[in-house]
Protein chains: 2
Amino acid sequence: MDLGGSGEELVAALAQLVRFVRQVSTAGGLSTAASSLLNRLSREGPQRLTELARADGVSQPAMTQMVTRMEREGLVRRTSSTDDRRGVLVGVTDAGVDLVGRRRAEQAEALQALIARLDPDEQKAVVTALPALARAIEAQTSA
Amino acid sequence: MDLGGSGEELVAALAQLVRFVRQVSTAGGLSTAASSLLNRLSREGPQRLTELARADGVSQPAMTQMVTRMEREGLVRRTSSTDDRRGVLVGVTDAGVDLVGRRRAEQAEALQALIARLDPDEQKAVVTALPALARAIEAQTSA
DNA sequence: TATTGTTATACTCTATAACTATA
DNA sequence: TATAGTTATAGAGTATAACAATA
């Protein structure tokens with residue numbers, strides 16, 4: 001398929017979309033990185049620190065510090081692993097679950113407001129395109 | 001239009017897309033913030049520091065430091081404004097222009113590889129949806 | 001010896017407050 | 001007095017290297 005200008009217009013559009021999400025995401029006082037961790041934990045349950053670092057593509061010390069900061073804020077909790085005494089299980093607290101829910105609602109609302117400005121055809125394209133791209137990323141990443 | 005689940009599936013897809021772009025964008029050793037500045041300067045020409053800070057939604061000191069770091073790396077250049085001696089004009093260097101071009105090509109290639117995995121209908125949807133969303137953001141931001 | 005996690009250190013990116021120089 | 005920019009300081013988020021504890 002011809003993407004026109006080597007897809008550079010699409011890259012520019014995507015960059016703008018990224019900036020938009022970042023601005024919306026910041027509302028609620030949670031960074032992209034913290035948000036990503038909290039979302040993963042509330043979606044997949046408690047996990048090992050090493051596993052979280054690998055999943056986020058971040059170093060182990062970086063994840064240690066992120067968990068420490070978020071534990072200080074009462075959003076996650078460390079539990080010692082029962083079977084391997086070296087290990088640590090990180091889980092989300094009730095406050096963390098609450099925050100995830102509130103942020104998800106905020107973001108969905110912002111995206112809906114954006115989509116509401118589009119023509120019906122464009123709206124349909126968005127509903128098709130976004131999940132399709134997400135699936136493609138998943139397929140490419142696991143390959 | 002019904003977005004299904006209050007658009008939360010779309011938000012999740014968008015988050016994944018954001019993560020993907022961030023990873024691709026990092027290749028080349030330039031952060032999102034630095035990349036944004038370099039792109040703006042090479043797109044719109046030399047600008048005042050205050051103007052750049054406002055355009056990126058960032059504080060004036062943050063932009064001062066960003067420009068200082070990038071000047072140290074030879075990507076941008078400060079010039080004293082002729083008409084207002086308080087002012088500073090920030091412009092991109094030849095090395096900066098080169099880097100912008102290389103990164104744009106890399107990103108376009110990554111996005112094309114992703115799109116190539118999609119069905120023709122989905123590909124068409126992406127080409128429609130991304131620019132449409134970018135336009136909506138522009139319209140909303142300037143409103 | 002290998003793995004899990006932490007600590008030490010350093011860099012980028014961000015903010016607010018205080019300051020200098022020009023208008 | 002107001003505006004443009006910088007400096008001072010602090011915090012989040014990141015990395016690599018060195019370390020402790022467990023396997």
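Throughout, read-outs are computed from the coordinates displayed, never taken from laboratory work. Since the structure is predicted, the reported quantities are computational estimates derived from the model, not experimental observations. When we count neighbours, we look across all protein chains shown, and the Cβ atoms used for this are built from the backbone with ideal geometry, even at glycine.
Here the peptides B:55-68, B:74-87 are ranked by packing, the mean other Cβ count within 10 Å, and the order with the highest first is B:55-68, B:74-87.
For the segment A:99-111, counting C-beta atoms of other chains within 10 Å of every residue's C-beta and taking the mean gives 3. For B:D83 and B:E9, the difference between the fully extended length at 0.36 nm per residue and the C-alpha to C-alpha distance is 21.5 nm. Once the chain from A:T50 to A:R69 is taken as fully extended at 0.36 nm per residue, the excess over their C-alpha distance is 5.2 nm. Rounded to the nearest 10 degrees, the inclination of helix A:8-26 to the longest alpha-carbon principal axis of chain A is 40 degrees.
Per-residue mean of foreign Cβ neighbours for B:115-124 is 5 (Cβ atoms of other chains, 10 Å radius). Legend: mean number of C-beta atoms from other chains within 10 angstrom of residue C-beta atoms, peptide A:74-87, equals 0. Within the shell of other residues whose beta carbon sits under 11 angstrom from the beta carbon of A:S31, the net charge comes to +2, with Lys and Arg scored +1 and Asp and Glu -1.
The other copies place their A:E44 label points at 3.9 nm from this one, listed shortest first, where each point is 7 Å from Cα along Cα→Cβ. Using only the alpha-carbon atoms, how far is helix A:60-72 inclined from the longest principal axis of chain A? Give it as 0 to 90 degrees, nearest 10. Once rounded, the angle reads 80 degrees. Taking Cα atoms only, the orientation of helix B:120-142 departs from the longest principal axis of chain B by about 40 degrees.
Once both labels are positioned 7 Å from their Cα atoms along Cα-to-Cβ, the gap between B:V97 and A:Q60 label points is 4.7 nm. Summary of the geometry: segment A:42-117 and segment B:69-137, compared by the centres of their Cα atoms, lie 31 Å apart.
Shape class of the protein assembly as shown from the Cα gyration tensor (axes a ≥ b ≥ c, square roots of the eigenvalues): oblate, since a/c reaches 1.5 or more and a/b does not exceed b/c.
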